[in-house]
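Here is the structure we will look at, set down as structure tokens.
The values are calculated or read from the model by the stated rules, or taken from the named source; none is laboratory data. Treat the numbers as computed from the prediction; the structure is a model and nothing was measured. Please note: Cβ atoms are built from the backbone with ideal geometry, for glycine as well, and neighbour counts cover all protein chains shown.
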Amino acid sequence: MPRTNMGWTVTPDALYWSVRFIYERYQLPVIISENGVAIIDYPMDDGCVHDPQRIQFMKWYLRGLKRAADEGYPVKGYMAWSIMDNLEWAYGYDKRFGLIYVDFLTQKRILKDSAYWYADLIQSNGETL
């Protein structure tokens, strides 16, 4: 299994099975309030932050979530973690989860490729997944 920069295994079926488990056990709709991946990313010579691993991670996990919704499980929402790079309590500024790159010295922000991809996905209502 691939691993994130946090050392966590990438398990795309987790969203599918967790939605099923929560609904079958509690009969409640599900909102995924945090889902994301820490990878090593930084601005390139072209001024952009290319993060194909994050895009792939989100595709894999969202496909599982879509599968659950398509099977009739009540998925009410999904929030990517995180909108921008931030302080991680145990790791400081070392781990980057954001869709927006933050230069912590200057506070300059750069939308990563994943931010543009996610915006397109939202605009298509998931059809481009």
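The single condition among (1) closer than 20 Å to S82 by Cβ; (2) touching a residue at least 40 places away in the same chain (Cβ under 8 Å); (3) surrounded by 15 or more Cβ atoms within 10 Å (Cβ to Cβ) that P52 does not meet is (3). Of all residues in segment 2-39, those satisfying the criterion of being among the polar types (S, T, N, Q) and surrounded by fewer than 12 Cβ atoms within 10 Å (Cβ to Cβ) are T9, Q27, S33.
Each row is one residue, and each column tells you yes or no for (1) modelled with pLDDT under 95; (2) touching a helix residue (DSSP H, G or I) at 6+ places or on another chain (Cβ under 7 Å).
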residue: I32; (1), (2): no, yes
residue: D46; (1), (2): no, no
residue: A68; (1), (2): no, yes
residue: L87; (1), (2): yes, no
residue: Y93; (1), (2): yes, no
residue: G98; (1), (2): no, no
residue: V102; (1), (2): no, no
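When each of Y42, Y23, Y73 is tested for being touching a strand residue (DSSP E or B) at 6+ places or on another chain (Cβ under 8 Å), under 15 Å from F97 (Cβ atoms) and outside any strand (DSSP E or B), the lone residue that passes is Y42. Here I100 meets each of (1) touching a Lys or Arg at 6+ places or on another chain (Cβ under 6 Å); (2) buried (at least 18 other Cβ atoms within 10 Å of the Cβ) with one exception, condition (2).
Considering only residues that are crowded, with 16+ Cβ neighbours inside 10 Å and touching a residue at least 24 places away in the same chain (Cβ under 8 Å), look in segment 112-129 and name the one that is nearest to D41 (Cα to Cα). Of everything passing the filter in segment 112-129, K112 is nearest to D41 (Cα to Cα). Screening D85 with (1) among the acidic types (D, E); (2) surrounded by 15 or more Cβ atoms within 10 Å (Cβ to Cβ); (3) touching a residue at least 40 places away in the same chain (Cβ under 8 Å) gives one miss only, at (3).
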